[in-house]
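Read through the structure below, which is laid out as structure tokens, and then see the notes.
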Amino acid sequence: MTATSFNNESPHPGLYIHIPFCLNKCGYCSFYSIKSINLIPPFLSALKQEMEFYSNHFQSFDTIYIGGGTPSLLTAKQFAEIFVAINKFYKIESPAEITIEVNPGDVSVEYFQSLRSLGINRLNIGIQSFDDSLLKFLGRRHSEKDAIEAIDAARTAGFTNIGIDLIYGVHHQDIKLWKRTLQKTLSFFPAHISCYQLSLEVRTPLNKKYGAEGIKLPKEEQQTKFFLATSEKLENAGYIHYEVSNFARRENLKSRHNMKYWQHVPYLGLGPAAHSFLNNKRWWNKPSVKNYSKEIAQNKMPVESMEKLTAQQLQLETLFLNLRTKAGINLEHYKAKYGADLFVDKRTIIDALIKNKLVELKNGFLIPTRTGLAVADSLALI
Ligand code: SF4
């Protein structure tokens, strides 16, 4: 795999680091992770070497996102090592957004203080629910008490930019229970809230359980009710529903890193299974700590595969990604970039969508309404 260098005139790229370790596998999760935490030290050595590999292609970042897996399984000292390496090979542009995902139950005030001292300024806490029986059903290893203590500890340590991740559409969770979860979440006044609808990925324990016990996901109509109730409740509380699953308390509290993914801004993904994007090429690493470390030890890029996106693929992705955001599609930019006048070419469909209150036209933007966001993936089929 060869990556061409990043053009310095473009917006700054983002850096993603995948920490591929979890103490147990949550029932719904299809992300790559393993339980062998004894492999953390060799993984960190490989990660530092991978940073060096890419230092000729990427020079600086203004967002860093450390996800997983469970990054909070690493000690503060191990994070310090990671940041020494990042600073050795790249420049961190100011003001940078530096996020880490944490699992409630792994953390303490002292731990959060150490993370802050490294420059980490944003937390994503994987709370998922404030209901212990639901957490158990999902296979999470923390409790409601752990979640509340994690938020308190983060605040005591001085974090103000705190995001909470939640899941809805779980068996036995009706809208009333879900609204209670949202109300509880709002009581902590988080900067950011992500609400993900449960999906059953193949080869996950929950998929097997649903199949074996004949449990079904909520019907489409019920899922839409969850979605609309979520959007309405959080927007009424002052949050901006800026992407299908994401809400920010203020404009400047939107996830700058995730927005790069949605806007085709280049990003470098390090670690097993991590994806990267540069100059219309997307590539991803081998989803195996052992193979990843082995390749790097042999001075090879640990890349599993790479694809060069055609203009048509980029155009489709732009439609798909932009129609999942409240910002929508800038029709002029779209025309300039792809030579296609969406408003002329798709006039009949757009008129029908406007009539059905799924999109609206505002200041040259095609914007999904709240109901449109509920069916965002089908809007991209225009
Ligand atoms: S949901 Fe998060 S903590 Fe659970 S197995 Fe997946 S990556 Fe690990």
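Here, each number is a calculation from the coordinates, and none is a lab measurement. Because the structure is a prediction, the values reported are computed rather than measured. As a convention, Cβ positions derive from the backbone with ideal geometry for all residues, glycine included, and neighbour counts pool all protein chains shown.
Taking 21 Å as the cut-off for C-alpha to C-alpha distance, list the pairs among 254/326; 233/362; 335/355; 91/300 that go past it.
Values: 254/326 12 Å; 233/362 24 Å; 335/355 23 Å; 91/300 24 Å.
Too far apart for the 21 Å limit: 233/362; 335/355; 91/300.
Divide by every residue of the chain the summed helix terms, -39500 (n - 2.57) for each DSSP H run of at least 4, and state the resulting mean residue ellipticity at 222 nm, rounded to the nearest 500 deg cm²/dmol.
Working: 16 runs with 154 residues, N = 382.
Mean residue ellipticity at 222 nm (helix-derived): -11500 deg cm²/dmol.
Counting other Cβ atoms within 10 Å, keep those with at most 15, restrict to DSSP loop, and tell me which GluC sites (Glu not before Pro) in the range 211-292 are left. Kindly include the intermediate steps, with their values, before the conclusion.
Working: sites: 213, 220, 221, 232, 235, 243, 251; in loops: none.
Filter output for the range 211-292: empty list.
Can you list the lysines whose alpha carbon sits under 17 Å from that of residue 77, skipping same-chain ones fewer than 8 residues off?
Filter leaves 48, 88.
To the nearest 20 debye, what is the magnitude of the charge dipole of the chain about its Cα centre, counting +1 on the Cβ of each Lys and Arg and -1 on the Cβ of each Asp and Glu?
Values: 46 positive and 36 negative charges, 81 e Å.
The dipole magnitude comes to about 380 debye.
Counting pairs of Cα atoms in the range 311-379, how many percent are more than 15 Å apart? Walk me through the intermediate numbers first.
Working: 1136 of 2346 pairs.
So the portion of pairs separated by more than 15 Å is 48 percent.
Among the DSSP beta bridges whose two residues both lie in the chain, what percent are antiparallel, rounded to the nearest 5? Display every interim value, and only then the final one.
Details: 23 of 54 bridges.
Around 45 percent of the beta bridges assigned by DSSP in the chain are antiparallel ones.
Can you give the Rg to Rh ratio for the chain, taking only C-alpha atoms and Rh from Kirkwood?
Numbers: Rg = 21.1 Å, Rh = 22.0 Å.
My calculation of the ratio gives 0.96.
In whole Hz and in residue order, list the ³J(HN,Hα) couplings for the range 48-56 that follow from phi through the Karplus curve 6.51 cos²θ - 1.76 cosθ + 1.60, θ = phi - 60°; x for Gly and Pro.
5, 5, 5, 4, 5, 3, 8, 5, 7
Calculate, in nm to one decimal, what residue 311 and residue 369 gain on full extension: separation in residues at 0.36 nm each, minus their alpha carbon distance.
Values: separation 58, 0.36 × 58 = 20.88 nm, distance 2.75 nm.
Going from the current span to full extension adds 18.1 nm.
Report the local net charge at residue 14: Lys and Arg +1, Asp and Glu -1, summed over other residues whose C-beta lies under 12 Å from its C-beta. Show your work: numbers first, answer last.
Details: positive: 256, 260; negative: 62, 93, 97.
Overall, the nearby charge balance is -1.
Under the definition of Cα pairs under 8 Å and six or more residues apart, what whole-number percent is the relative contact order of the chain?
Once normalised by length, the contact order is 16 percent.
Any idea how far the Cα center of the range 220-254 sits from the one of the range 133-184, in Å?
16
Out of the range 265-317, which trypsin sites (Lys or Arg not before Pro) are coil in DSSP terms and have no more than 16 other C-beta atoms within 10 Å?
Working: sites: 281, 282, 290, 294, 300, 308; in loops: 300.
Qualifying residues, ordered by number: 300.
Hey, could you get me the Stokes-Einstein D for the range 37-105, Kirkwood radius over alpha-carbon pairs, 25 °C and 0.890 mPa s, rounded to whole µm² s⁻¹? Each step should come with its number before you reach the end.
Working: Rh = 12.9 Å.
After rounding, the answer is 190 µm²/s.
I want to check the label-to-label distance for residue 180 and residue 338. Put each point 7 Å from Cα in the C-beta direction and report it in nm to one decimal.
About 4.5 nm, to one decimal.
Cross-link partners among lysines for residue 209, C-alpha distance below 16 Å, same-chain residues fewer than 8 apart left out?
Within the straight-line cut-off, residue 209 pairs with 25, 136.
Rank 61, 228, 102 by how far each Cα sits towards the positive end of the charge dipole of the chain (+1 on Lys, Arg Cβ; -1 on Asp, Glu Cβ) and give me just the farthest.
Of the candidates, 228 comes out farthest on the positive side.
Give the list, by residue number, of cysteines in the chain with no other Cys Cβ closer than 4.7 Å, or say none.
That list is 22, 195.
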